[in-house]
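Quick notes on the structure that follows.
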Amino acid sequence: MATYVIGFPRIGEQRELKKALESYWSGKSSQEELKKTASDLRKRHWVYQKNAGIDLISINDFSFYDNMLDTTIMLNAVPEKYKDIEDELDRYFAMARGDKTHKAMEMTKWFNTNYHYIVPELNENMEFKANTSKIKEELEEIKELGITPKINLIGPITYVRLSKVEGNANNIIEKLIPVYKEIINEFKDYTIQMDEPYFVTNPTNQDLELLEKTYNELAKDANIYVATYFEHSNEANAVLAKTPIKGMFLDFVAGNENSIKELVNTGKEIGIGIVNGRNVWVNDIEKSAEFIKGLTEAVDSEKVHIGSSCSLLHVPYTLKYETKMDEDIKSWISYALEKLDEIRVINKLVKNEELSATDKEVLEGNKIAISTRKTSKKIHDTIVQDRVSNLTEKDKHRSMPFEERIKLQHENLKYPILPTTTIGSFPQTPELRKLRRDYKNSLISEEKYKEEIKKMIAECVKFQEEIDLDVLVHGEFERNDMVEYFGEQLNGVAFSQNGWVQSYGSRCVKPPLIYGDVSRPKDMTVEWITYAQSLTNRPMKGMLTGPVTMLNWSFVRDDQPRKDTAYQMALAIRDEVEALEAAGIKVIQVDEAALREGYPLRNEKRAEYEDWAITSFRITTSSVKPETQIHTHMCYSEFSDIMDAIEDMDADVISIENARSDNSLLKIFKERGYKGEIGPGVYDIHSPRIPSTQEMVEQINAILEVLPAEKVWVNPDCGLKTRKWEEVKPSLKNMVEAAKEVRNKLK
Ligand code: GLN
Ligand code: ZN
């Protein structure tokens, strides 16, 4: 019985790798310095794991940018267009993030996490070839420490299925098998972990046939363990049981439906991933130990291993630096290092081994945390709970059907055909960031801070009136981030000091911690929005972040169903919606930028998610008067598979990402007879380019080929916070002109 982790974070507990990377990229340090930092970090992380009593310690989980990209290098699958770059590392970074003459490869989310990988670009003519230099280097390093590692590889099927493929993907997998075989042979004395998380997403029969064939070949004369995570992989478990793999590492948190029957019957070893690599709450150590003991009654205990549910990449490093966190909240949390302790202690309890003094301390602290979490007043608020249990159907529906209420809204708001608006934020300048920082660090008074923010709001409103926008916004100058801003003001949500998690490359995020029952003690945006409204006769749009997005970008408590937390969040934000309405705001936008990200990996679980996610949005937005207009915004352009849910949100207006040239997205709205009004972005805010009036006229005309003019709004495709004023001003001016030009033609 061994302890393992699927993988360890690499960015460094003080984000050392981030700093070293950015310093290298900006030309401030050499490649040697960067490599030295990387090597020091790897060693530090291996020693941490060794000292914590982890038996199977990984190599090749380190990456300068991303493991999928590393795999691309390992297989010599570098696209032609980068081959002119001599230096290996610079070529690698050009693929990851582009350089002066090369565009970066595409990046996308790793399953349902907030980690992004670099999407391989494969074609059948590629000459795949094994390149094991990275693995060999790490192997040499770890051997110096006297550790025999397991070697992590991304398996060929997951690798190819997550790629952009020209030609036949299955042929590419076939071509890759001998290359993988060669790599595996080279390291045949070691334990090899092959990550195949693709198999948690409803694999087809063809996928499964391929899986069997691939691992029949690869696992012969080798020590292969296949890892899946983020869900169960039951179809694959049954198939792999028939192949010569040694065993599987399975996720028993997100994938607690994992069945091990077939694997056990064929004598495979099983890794029970019981410590959550995706979330930060403490494991219930005694309960986990009991669970595993239960299993080992049926399975030879020699064949059971205990580990993390997935790579610890998705949680922060260590609580050591959380010096300001509330002590109770801190006691309910485990980051990567604390999770290593949990794994060790669970293992000892299962084996009935004697606990050391440290182990006893870990276990005692754990028991206290588990019991205080059940009762703490910081978590449990009966008023909030009662509100959720008293929710009725009425709370989930607008009081008047769309077709009727939209008429009242038009009377109330009097906007023209093809009304113009923006998505909410205006440029976040360095001066603005400094202002917020100074206020946070108490270098300036609240009075001074508010005065400065209000000046910016006033200028922003004036500009919008000047260019003749129809529905205005205040500009979101008071916000650092659309989730953090609200999280900081809500009960039940906390922030860490050093809870950084890698998002992509050197980029890290610090997700809020939703630890307790959520409520809104006081107004969050009313002062800003009403001030902005006081400056203009045009409608001012109130701007809020929706409940689902709040959850999807946070670490959400695991001691109650996600749905309950979502409903609490929905009610808290509803309170703000109502306060805005009471203060005279007639248009309120509730952004659900992350609705899509929360979708489950398994099709059979989608309906349940949609049910509570959409209901949450409706709880937030349904209590307003019929004449109050509800907007929502989403930053993506792929809606075909979630159209029912989008309709079900029952928003009056939805703004969405830039319509692609062929309008395929809009056609879906049309085909479905989508009833609400729609603002398909008429220009892409992700680029500094200033779109001309003419091109936006064309864009609007293209939209009108699909959608009736009465339903169409004209707006950019997302918030403007990352842009500069010099870009925003002419772009919006042109946009309004374009709308007017088309309007005139319509008359
Ligand atoms: N209202 C937000 C903004 O304009 C929406 C951001 C987003 O879609 N991610 O910045
Ligand atoms: Zn957006």
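Read-outs throughout are calculated quantities, based only on the coordinates presented, and are distinct from any laboratory measurement. In this text, all values refer to a predicted model and were calculated from it rather than measured experimentally. Note that each Cβ is placed from the backbone with ideal geometry, even for glycine, and that neighbours are counted across all protein chains shown.
Tabulated results
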{"item": "Value of [θ]222 nm, deg cm²/dmol, for the chain, DSSP H segments ≥ 4, -39500 (n - 2.57) each, nearest 500", "result": "-13500 deg cm²/dmol"}
{"item": "Using θ = phi - 60° and Karplus 6.51 cos²θ - 1.76 cosθ + 1.60, couplings along the stretch 418-426 (whole Hz; Gly, Pro as x)", "result": "6, x, 10, 7, 10, 8, x, 7, 10"}
{"item": "Dipole magnitude (debye, nearest 20) for the chain, charges at Cβ of Lys, Arg, Asp, Glu", "result": "1080"}
{"item": "Using alpha-carbon coordinates, inclination of helix 693-706 to the longest axis of the chain, degrees", "result": "80"}
{"item": "Along each principal axis, Cα extent of the stretch 410-535, largest first, Å", "result": "48, 36, 32"}
{"item": "Net charge contributed by nearby residues that have their C-beta within less than 12 Å of Leu208 (K/R +1, D/E -1)", "result": "-3"}
{"item": "The stretch 649-717-the stretch 448-473 distance, computed between alpha-carbon centres (Å)", "result": "25"}
{"item": "Distance histogram in 10 Å bins (all Cα pairs of the stretch 617-711, percent per bin)", "result": "15, 47, 29, 10, 0"}
{"item": "Hits among lysines - C-alpha to C-alpha of Lys19 under 19 Å, sequence gap 8 or more where chains match", "result": "Lys28, Lys35, Lys36, Lys43, Lys510"}
{"item": "Computed over the stretch 644-688, the ratio Rg/Rh where both radii use C-alpha atoms and Rh is Kirkwood", "result": "1.00"}
{"item": "Cubic angstrom per residue, convex hull over Cα atoms of the stretch 499-643", "result": "153"}
{"item": "Between the stretch 514-568 and the stretch 576-620, the alpha-carbon center distance in angstrom", "result": "11"}
{"item": "Sequence of Thr214, Thr372, Thr37 once ranked by neighbouring C-beta atoms within 10 Å, starting from the fewest", "result": "Thr372, Thr37, Thr214"}
{"item": "Alpha carbon convex hull of the stretch 45-114, projected area averaged over orientations, nm²", "result": "6.5"}
{"item": "Charge sum, other residues only, whose C-beta stays under 10 Å from Glu269's C-beta, Lys/Arg counted +1 and Asp/Glu -1", "result": "+1"}
{"item": "Ellipsoid equivalent to the stretch 373-471 - semi-axes via the Cα gyration tensor, in Å", "result": "34, 33, 10"}
{"item": "Solvent-free Debye scattering, log10 I(q)/I(0), computed from the Cα coordinates of the stretch 412-463 at q = 0.19, 0.23 Å⁻¹", "result": "-0.74, -0.92"}
{"item": "Rg(Cα)/(2.2 N^0.38 Å) for the stretch 329-426, N = residue count", "result": "2.13"}
{"item": "Prolate/oblate/rounded label for the stretch 184-228 (Cα gyration tensor, a/c 1.5)", "result": "oblate"}
{"item": "Set of aspartates and glutamates with alpha-carbon distance to Lys303 below 18 Å, sequence-local pairs under 8 removed", "result": "Asp55, Asp251, Glu262, Glu269, Glu290, Glu353"}
{"item": "Footprinting exposure proxy for Cys508, Cys460, Cys310 (fewest neighbouring C-beta atoms within 10 Å first)", "result": "Cys508, Cys460, Cys310"}
{"item": "Of Lys109/Lys675; Lys324/Lys434; Lys83/Lys150; Lys563/Lys667; Lys396/Lys541; Lys18/Lys320, pairs whose Cα-Cα distance is over 25 Å", "result": "Lys109/Lys675; Lys83/Lys150; Lys563/Lys667"}
{"item": "Alpha-carbon Rg with Dmax, taken over the stretch 678-739, Å", "result": "11.3, 33"}
{"item": "Estimated translational D of the stretch 1-52 in µm²/s (Stokes, Kirkwood radius over Cα pairs; 20 °C; 1.002 mPa s)", "result": "178"}
{"item": "Extreme residue, positive dipole direction of the chain, given options Ile646, Met105, Ser623 (C-beta unit charges)", "result": "Ser623"}
{"item": "Using alpha-carbon coordinates, inclination of helix 16-25 to the longest axis of the chain, degrees", "result": "70"}
{"item": "Debye log10 I(q)/I(0) for the stretch 170-280, one point scatterer per Cα, at q = 0.09, 0.17, 0.24 Å⁻¹", "result": "-0.22, -0.78, -1.39"}
{"item": "Separation of alpha-carbon centers, the stretch 21-57 and the stretch 221-239, rounded to whole Å", "result": "29"}
{"item": "Environment charge at His232 (Cβ cut-off 10 Å; Lys +1, Arg +1, Asp -1, Glu -1)", "result": "-3"}
{"item": "Calculated from backbone phi, Karplus (6.51, -1.76, 1.60) coupling profile of the stretch 80-85 in Hz, x at Gly/Pro", "result": "3, 5, 9, 6, 6, 7"}
{"item": "J(HN,Hα) series, the stretch 663-673, from Karplus relation 6.51 cos²θ - 1.76 cosθ + 1.60, nearest Hz, glycine and proline x", "result": "6, 4, 5, 5, 4, 5, 4, 5, 3, 7, x"}
{"item": "Among Ile172, Met634, Thr525 the positive-end extreme of the charge dipole of the chain (Cβ point charges)", "result": "Thr525"}
{"item": "Rg/Rg_ref, the chain, where Rg_ref = 2.2 N^0.38 Å and atoms are Cα", "result": "1.00"}
